[in-house]
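As structure tokens, the structure follows; a few thoughts come after it.
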Amino acid sequence: MENVFDILSERGYIKQTTHEDEIKELLGKEKITFYIGFDPTADSLHVGHFIALMFMSHMQKAGHRPIALVGGGTVMVGDPSGKTDMRKMLERKDIEKNVQRIKKQITRFIDFEDDKAILVDNGDWLLNLNYVEFIREIGVHFSVNKMLTAECFKQRLEKGLSFLEFNYMLMQGYDFLELNRRYGCVMQLGGDDQWSNMIAGMDLIRRKERKPAYAMTCTLLTNSEGKKMGKTEKGALWLDPEKTSPYEFYQYWRNVNDADVEKCLALLTFLPMGEVRRLGALKDAAINEAKKVLAYEVTKLVHGEEEAKKAQSAAEALFGGGADMSNVPTIEISKNDINTSLLDILLSGKVIPSKKEGRRLIEQGGLYMNDNKVEDPNLALKEEDFKDGSALIKKGKKNYYKIVIM
């Protein structure tokens with residue numbers, strides 16, 4: 001049977017490892033328990049988390065047992081990694097709501113039946129810790145001098161790093177120790193921005209338990225220019241269909257740069273690598289076929305086959321002709337909304353984040369209604385705008401919506 005380490009390497013997941021030869025040998029001969037953490041800073045995971053879920057899924061398919069850890073405790077402190085400013089402090093009730101929604105999302109990608117995987121919340125052990133005991137047991141194993149050289153802290157030192165955030169590394173390290181004691185967890189996986197925190201947990205287990213422990217990071221989802229992928233006009237590309245519709249999700253992948261298609265197919269789908277390379281090698285107009293495959297496969301994994309087909313159908317209706325328009329994102333209004341400002345309708349339908357952004361879009365020539373450029377920011381809807389009961393809105397080059405009178 002093929003070693004999952006080779007599968008992950010071939011598909012481009014593995015960025016850094018603590019003990020590469022030992023890890024490869026371990027994954028080839030034993031079924032291990034490993035974990036990945038997800039801090040509930042919002043009520044949905046986004047596409048940056050999706051690559052971690054795929055990383056986890058490949059490991060599970062190879063017979064290894066994942067622990068999906070939701071950080072109901074660590075989120076109370078906030079991870080400084082990759083942040084120029086301190087994270088917003090969340091209320092406990094908001095954290096609990098986020099935890100429950102994220103747990104539900106994770107179960108779409110990982111099989112938790114028959115103890116094949118474990119779902120835990122680190123708030124269960126972190127929130128009731130005695131701080132003095134914790135510092136005596138755990139803090140004694142951390143060198144402040146070494147911590148200050150960690151990448152997650154270095155970029156914050158100039159602007160100011162709070163002592164609250166300085167505790168985050170200790171807490172994440174303690175998570176790994178606790179999972180090792182409770183479930184025999186021997187490896188932490190995560191994004192490459194977590195490298196310093198992951199090494200801290202691995203070192204803590206080796207010091208306190210005198211046992212081997214390992215860490216392995218996956219590459220962050222970046223484009224060919226090295227910039228993070230998954231940003232849209234509205235912000236993050238969310239996995240929750242209420243925050244990013246399946247159609248918008250599909251369109252994002254349908255429109256990625258040619259140079260990023262093969263990488264995205266390898267990391268975000270389960271297509272065989274032979275097919276990934278074939279699609280990635282297509283040139284010029286033919287690469288659009290690869291982008292359609294990418295968009296469909298990723299949307300199917302995140303939103304299910306039915307929603308992927310609807311999104312595909314809507315895209316074909318708008319760009320290829322011949323399919324019905326019923327699956328294009330729709331804003332429903334009543335007859336009483338006739339003579340209402342178009343920007344007000346688009347704001348209520350979450351097509352634009354604010355009227356200011358809507359006005360800017362119009363100034364830049366990026367808003368159309370029924371194929372006519374909108375030039376007046378105060379334009380109001382009229383009955384004659386609705387052909388067969390609907391008006392077609394185009395935002396930018398490739399985002400379409402229908403306004404429908406119900």
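The values are calculated or read from the model by the stated rules, or taken from the named source; none is laboratory data. On a predicted model such as this, the values are computed, not experimentally measured, just so you know. Reconstructed Cβ throughout: ideal geometry from the backbone, glycine too, with neighbour counts over all protein chains shown. In case anyone asks, the SASA skips ligands and DNA or RNA and just uses the protein heavy atoms, side chains included. Shrake-Rupley method; radii C 1.70, N 1.55, O 1.52, S 1.80 Å.
Only residues that are in contact with a Gly (Cβ under 8 Å, 6 or more places away or on another chain) and outside any helix (DSSP H, G or I): list them for the range 1-40, please.
Across the range 1-40, the qualifying residues are Asn3, Lys31, Thr33, Ile36, Gly37, Phe38, Asp39, Pro40.
Please go through (1) in contact with a Cys (Cβ under 8 Å, 6 or more places away or on another chain); (2) hydrophobic (A, V, I, L, M, F, W, C); (3) in a loop (DSSP other than H, G, I, E, B) for Met89 and return the number of the only condition it doesn't satisfy.
Of (1) in contact with a Cys (Cβ under 8 Å, 6 or more places away or on another chain); (2) hydrophobic (A, V, I, L, M, F, W, C); (3) in a loop (DSSP other than H, G, I, E, B), only one is false for Met89: (1).
Among the candidates Thr149, Thr217, which residue alone is among the β-branched types (Val, Ile, Thr), in contact with a strand residue (DSSP E or B) (Cβ under 7 Å, 6 or more places away or on another chain) and either over 30 Å from Lys395 (Cα atoms) or open to solvent by less than 10 Å² (accessible area, probe 1.4 Å) (or both)? Spell out the reasoning first.
Details: Thr149 fails: in contact with a strand residue (DSSP E or B) (Cβ under 7 Å, 6 or more places away or on another chain).
It is Thr217.
What's the total number of residues in the range 231-253 that are part of a helix (DSSP H, G or I) and either in the same structural domain as Pro353 (by the TED database) or modelled with pLDDT of 90 or more (or both)?
Residues meeting the conditions: 5.
Considering only residues of the range 253-300 that are charged (D, E, K, R) and touching a residue at least 60 places away in the same chain (Cβ under 8 Å), which is nearest to Pro241 (Cα to Cα)?
Looking at the filtered set, the residue picked out is Arg254.
Counting only residues that are surrounded by 10 or more Cβ atoms within 10 Å (Cβ to Cβ) and touching a residue at least 40 places away in the same chain (Cβ under 8 Å), how many does the range 364-384 have?
Summing the residues that are surrounded by 10 or more Cβ atoms within 10 Å (Cβ to Cβ) and touching a residue at least 40 places away in the same chain (Cβ under 8 Å) in the range 364-384 gives 3.
Let's see how each residue does on (1) among the polar types (S, T, N, Q); (2) under 20 Å from Ala314 (Cα atoms); (3) at pLDDT 80 or above:
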{"site": "Ile333", "(1), (2), (3)": "no, no, yes"}
{"site": "Ser354", "(1), (2), (3)": "yes, no, yes"}
{"site": "Arg360", "(1), (2), (3)": "no, no, yes"}
{"site": "Asp376", "(1), (2), (3)": "no, no, yes"}
{"site": "Leu381", "(1), (2), (3)": "no, no, yes"}
{"site": "Phe386", "(1), (2), (3)": "no, yes, no"}
{"site": "Asn399", "(1), (2), (3)": "yes, yes, no"}
{"site": "Val404", "(1), (2), (3)": "no, yes, no"}
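With respect to Asp203, is the statement that it is crowded, with 17+ Cβ neighbours inside 10 Å and outside the structural domain of Val351 (by the TED database) true?
Yes.
Picking from Val70, Val47, which residue would you name as being at pLDDT 90 or above and over 24 Å from Tyr174 (Cβ atoms)?
Only one candidate qualifies: Val47.
Is it the case that the range 160-172 has a residue that's open to solvent by less than 20 Å² (accessible area, probe 1.4 Å) and within 15 Å of Ile67 (Cα to Cα)?
Yes: one or more hits.
With the condition kept exactly as written, say whether any residue in the range 193-214 is assigned to a loop (DSSP other than H, G, I, E, B), without any contact (Cβ under 8 Å) to a residue 24 or more places away in the chain and at negative phi.
There is no residue in the range 193-214 that is assigned to a loop (DSSP other than H, G, I, E, B), without any contact (Cβ under 8 Å) to a residue 24 or more places away in the chain and at negative phi.
Is it fair to say Ile403 is within 22 Å of Thr244 (Cα to Cα), assigned to a strand (DSSP E or B) and among the aliphatic types (A, V, I, L, M)? Before you say what the answer is, go through the steps one by one.
Details: within 22 Å of Thr244 (Cα to Cα): yes; assigned to a strand (DSSP E or B): yes; among the aliphatic types (A, V, I, L, M): yes.
Here the answer is yes, as Ile403 does meet what is asked.
Kindly evaluate Phe134 against the criterion of being modelled with pLDDT of 90 or more, part of a helix (DSSP H, G or I) and surrounded by 14 or more Cβ atoms within 10 Å (Cβ to Cβ).
Judged against the criteria, Phe134 is a match.
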